[in-house]
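Taking it in order: structure first as C-alpha cells, then the write-up.
The values are calculated or read from the model by the stated rules, or taken from the named source; none is laboratory data. Here the structure is a predicted model, which means the values were calculated and not measured. Cβ coordinates were reconstructed from backbone atoms using ideal geometry, including for glycine residues, and neighbour counts include every protein chain displayed. SASA here: full protein model, heavy atoms, side chains in, ligands and nucleic acids out. Shrake-Rupley method; radii C 1.70, N 1.55, O 1.52, S 1.80 Å.
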Amino acid sequence: MTISFSPGSIHGPHMHRGHYQEDLTGKAFDWGIARRLLQFLIPHKREMVTGFALMIVSSALALLAPYLVKKTFDDYIAVGNLIGLRWIALVAFVAYASDFFVTWRRRYILGQVGNNVLRAMRNQLFRHYQVLSMSYFDKHGTGSLISRMLSDIGVINDLLANGIIGMFSDALVLVSVSIVMFLMNPKLALLSLSVLPIMGVAAWRFGGKARVAYRTTREKVSVLTGRLAEDIGAMRVIQAFSEEDRTSQEFEQINRENRDANVAAQMLSASFTPVVEVLSVLATCIILWFGGRMVTSGEVTLGLIVAFLSYTARLFQPVLDISMIFTNWQAAMAGGERIMQILDTVPDIQDAPDAVALPSMEGHVVFDHVDFHYLPETPVLTDVSLEIKPGETMALVGPTGAGKTTIASLMVRFYDISDGAIMIAGVDIRKIKLDSLRTRLGVVPQEPFLFQGTIAYNIAFGRPDVTREEVVAAAKAANAHEFISRLPDGYDTEIQEGSSNLSLGQRQ
C-alpha cells in the first residue's frame, strides 16, 4: 500500500466571504421561462377555468352598474317614476351583491390554487437541491438558495395564482368599457379616451426601469438572507472574539443596500400611480366640460354623463391594476430566471448509464493513481494510490489541507476524481449506482450535524426502518446510551435547532 502526495500540490478550495453573482439575462419577458412557469398551473386547470369564468361574470357586472345608473336618471328620476325607481334600485342591489359574491369566490379559488402552486414549486426546488453536487453548494451561498425558495417563488406564485387572471380581467374590462362608451356616444368616448396614449407612454417608461429595479431587489434579498444565516450560525464565534460591533456594521451596510433597492423599486411604483390618477382626473374634467355643454344643448342626457363618469372611473382602475401586474411580472421574470437556472443545473455527480448496484461489501478499497482538483489548475491530490484490504483499518495522518477529508469525500462520490480510479470490491465507483454506494458506507463528518427531531430519529437517519432495539444497540456501541438515558425524554428527546441542548461531545 502506497500513499504519495506531490510536494506543493495540496490545496483546499478557494473560499471567500461574499456571494455568488448569477449570469442572468434580465429580460422583461422570456417566453421560455413563462411557459415553464405556467406548467405549474396545469394540475389546477379546472380551478383556473372556474376563476376565468367568474372573472367574466364579474366584468359583466362591472358594465351593468353604470348602465343602471343611466337608466335611473333618464327613465325614472327625470319622469318621477317611483315604482320603476324601486325596481331599478333592487336590480342594482342584486348586481352589487352578486359582484361581491363572485369576486369573493374567485379570490377564494385562486387563493387555494396559489397555495398549492407554492407548495409544488418549493417541493420541486427542494428535491433538486438534494441531487445537486457538493461543488454547486461550494459556489452558491446558503442565503441565495433560501432566497430562491422563499422570496423568488413567492413573487412567482403571486403572478401565477392571481396576476394572470387579474390581467385578463382588467384587459376585458378595459376593452368592454371602451366599446360600451363608443356605442353610447362616440364623440364623448373619443374625448374621454384621449389621455390613454399618454398613459401608455408612461407605462412603457415605467416598465423599463422597473425591470432593473426589481432584479436588483431580488439580488439584495439574496445577499441579506445569506449574511443573516451565516452570522446567526456563527454567533458563538462572533461573541468569542467580541466582534459584535464590526459584524453589526457589516450587516447594517448590507441591510442599507437592501433598503435602498426596495425604496428605489417602490419609488417607481409610487411615481407611476399618481400619473394614472392625474390622467383619470383629466378624463373626468374632459367629460364634465364637454359633456356638460352637450347636456345644456340637449345633445345628450344627464344620465349618460353620469354613466360616462362611472365608466371612466372603472376604465382607469384596470390600467392601474395592469401596471401593477406588470411590475409583479418583472419581479416574477427575475425570480423565474433564478429558479429555472437552478432547475436546469445538471448535477456533476450522476449515475452512469451502465451503473450497477454494488455487488458486495467486502471492504476492499483501492485508490489507483488518483488526481483531483476543486478548481482548474489548482491540484489538491496528485497521483494518490492506496489499498485498504477487507477487515483492515487505516488512519490518514497529515497536516491541515493535506487532503484527508478530500479522500473521504471522493470515496463517497461527493466529487468525482480528475484522473485515475477509485474501486470498491473491484468495481470503479463511477460505475456503481449512487444509492447503492452511499447506503453501504458509513460516514462520520468532522463537524457533527444533528437534525431537528428526536435523538432516535437522528441515530436512525440513514436507516429509518430500524427498530428501537437496533437504535439502542447502535447507541451502546457508540458509548452514547448512558448519557441519552439520563436525558428527560431519553431517546425521544427533541434536538433543538443547532443542537443547542447538547454539548459538542454529546453531539459527536
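Tabulated data for the structure shown
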{"quantity": "Helices (runs of 4 or more DSSP H) (entirely within region 175-250) containing at least 2 residues that are modelled with pLDDT of 80 or more and among the small types (Gly, Ala, Ser)", "calculated": "186-192"}
{"quantity": "Exclusive hit being over 30 Å from Gly303 (Cα atoms), among the aliphatic types (A, V, I, L, M) and in contact (Cβ under 8 Å) with a residue 24 or more places away in the chain, set Leu68, Leu110", "calculated": "Leu110"}
{"quantity": "Subset of region 428-446 [open to solvent by 30 Å² or more (accessible area, probe 1.4 Å) and in contact (Cβ under 8 Å) with a residue 40 or more places away in the chain]", "calculated": "Arg430, Lys431, Lys433, Arg440, Gln446"}
{"quantity": "Selection count where residues are open to solvent by less than 60 Å² (accessible area, probe 1.4 Å) and either free of Cβ contacts under 8 Å to residues at least 24 places away in the same chain or not hydrophobic (A, V, I, L, M, F, W, C) (or both), scope region 275-289", "calculated": "2"}
{"quantity": "Residue tally, condition part of a loop (DSSP other than H, G, I, E, B) and of a type in the set (S, T, N, Q), over region 435-490", "calculated": "4"}
{"quantity": "Residues of region 385-427 classified as part of a loop (DSSP other than H, G, I, E, B), open to solvent by 40 Å² or more (accessible area, probe 1.4 Å) and under 28 Å from Asp465 (Cα atoms), total", "calculated": "3"}
{"quantity": "Among (1) surrounded by fewer than 17 Cβ atoms within 10 Å (Cβ to Cβ); (2) of a type in the set (Ser, Thr, Tyr); (3) under 30 Å from Ile417 (Cα atoms) - the single one Ser144 does not satisfy", "calculated": "(1)"}
{"quantity": "Count of residues meeting criterion [closer than 16 Å to Arg507 by Cβ, among the small types (Gly, Ala, Ser) and loosely packed, with under 13 Cβ neighbours inside 10 Å] in region 461-494", "calculated": "1"}
{"quantity": "Check on Ser485, among the small types (Gly, Ala, Ser) and at negative phi", "calculated": "yes"}
{"quantity": "Selection count, region 204-222, where residues are open to solvent by less than 80 Å² (accessible area, probe 1.4 Å) and out of contact with any helix residue (DSSP H, G or I) (no Cβ under 6 Å at 6 or more places or on another chain)", "calculated": "2"}
{"quantity": "Conditions (1) assigned to a loop (DSSP other than H, G, I, E, B); (2) out of contact with any helix residue (DSSP H, G or I) (no Cβ under 8 Å at 6 or more places or on another chain); (3) of a type outside the set (Gly, Ala, Ser): number failed by His369", "calculated": "(1)"}
{"quantity": "Lone qualifier among Arg119, Arg105 - being part of a helix (DSSP H, G or I), open to solvent by 70 Å² or more (accessible area, probe 1.4 Å) and touching a residue at least 12 places away in the same chain (Cβ under 8 Å)", "calculated": "Arg105"}
{"quantity": "In region 35-85, residue surrounded by the most Cβ atoms within 10 Å (Cβ to Cβ) [restricted to those that are closer than 18 Å to Leu118 by Cβ and of a type in the set (A, V, I, L, M)]", "calculated": "Leu37"}
{"quantity": "One residue from Glu244, Glu230, Glu257 being under 30 Å from Leu504 (Cβ atoms), surrounded by 13 or more Cβ atoms within 10 Å (Cβ to Cβ) and among the acidic types (Asp, Glu)", "calculated": "Glu230"}
